[in-house]
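The values are calculated or read from the model by the stated rules, or taken from the named source; none is laboratory data. Please read all numbers here as calculations on a predicted model, not as lab measurements. Virtual Cβ from ideal backbone geometry, glycine too; neighbours counted across all protein chains shown.
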Amino acid sequence: MSKIKVVISGISGKMGQESLKAVSSQTDMIITGGIYKSSESSKINLPPNSSNITITNNLEEIISDADVLLDFTNSEVAMRAIRVAANHKVKVVTGSTGFNSKMIEEIKAIAQNNQLGIIVAPNFAIGAVLMMHLAKTAGKFFDYADLIETHHEQKLDSPSGTAISIAKSALENRTTPFNSVKSQKELVEGTRGGIIEGINIHSSRMPGRVAHHELTFGAIGQTFTIKHDSINREGFMPGVVMAIRHIINESSFIWGLEKVMKL
C-alpha cells in the first residue's frame, strides 16, 4: 500500500513543526513538501532522512504530487491554499481558525463542486472534541452558561475558534438562547464578556498557556462544569493524524473531528 503524501502549509510555525514530526513518524505517511512565508525568519527543523522534503513559498510548485494538504496558517492564507488544492484535486485538512461564514460557505461549495474531502477542525485535541459533544448533550438541561477560554499571548483571534464551537454545540439542542445576566452596574465595561445567544464568553491571553476551555452551566442549586486543557501542542497530533487518514476516503466537507471520531 502506498504512503499518504502530505504537504504542510505553515511548516515553519509551531503547529507546522509539531505536525512535521508527528506525520513523519507514521509508517503510512510521508511529507513531500512544506510551505512557508517568504518573509518567515523562523528556522525550519527537518527530521532525519528528510532530503525528499521540498520547502518553498509557492504551493503550486509542490501540490500536484500530494494526496493531502495539511494547513496550519490563518483563515486568509488557508482560503488561498484550499482553492489551489482543489484545482489539483488534493484533499485538505486545516486547523486554521478565524473562518467567517462566507469563507465556510465557499469551502463547502469547493468540496461539493470538486467532490473533494475537506476537513476544517477548530481543534484537534481529542478531549476538546469530547467537550463539545458533552456540551451538546448538557446544553438543553440548563438555562445559564459561561465559557472561559485562555490561550498564549500570540494567539491572533478571540474568542478562540474552539470556544465558538463549544458555544454552538451547547446551543445545538436548544430552541431558545441561554439566559444571560446583565449587571445593573458594570463598573468595568466588558466585564461580562462577549455573548453568543446568552452564553457569556471570556477570553484571556497570557504566556504559560497553550489552550484552556472551561464551560459552566448553571441552574438553581447546582452548576455543571466541563473543562479541557491542552498542555502542549503534541497533544493535538493524534487528532491530526486521525484526520489525515480519514480524509483520504472522503469526498465532502467535514466540520470538526466529531464525525471522524464517530461521536
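So if I check each of 41, 9, 2, 96, which one is touching a helix residue (DSSP H, G or I) at 6+ places or on another chain (Cβ under 9 Å) and at pLDDT below 95?
Numbers: 41 fails: touching a helix residue (DSSP H, G or I) at 6+ places or on another chain (Cβ under 9 Å); 9 fails: at pLDDT below 95; 2 fails: touching a helix residue (DSSP H, G or I) at 6+ places or on another chain (Cβ under 9 Å).
Exactly one of 41, 9, 2, 96 is touching a helix residue (DSSP H, G or I) at 6+ places or on another chain (Cβ under 9 Å) and at pLDDT below 95, namely 96.
What strands (runs of 3 or more DSSP E), lying completely within the range 42-111, carry at least 1 residues that are over 23 Å from residue 239 (Cα atoms)? Full working, then the answer.
Numbers: elements: 54-56, 68-71, 91-94.
Filter on the range 42-111 gives 54-56.
Residue 108 - would you say it is within 26 Å of residue 71 (Cβ to Cβ) and free of Cβ contacts under 8 Å to residues at least 60 places away in the same chain? Walk me through how you get there before you give the answer.
Values: within 26 Å of residue 71 (Cβ to Cβ): yes; free of Cβ contacts under 8 Å to residues at least 60 places away in the same chain: no.
It is false that residue 108 is within 26 Å of residue 71 (Cβ to Cβ) and free of Cβ contacts under 8 Å to residues at least 60 places away in the same chain.
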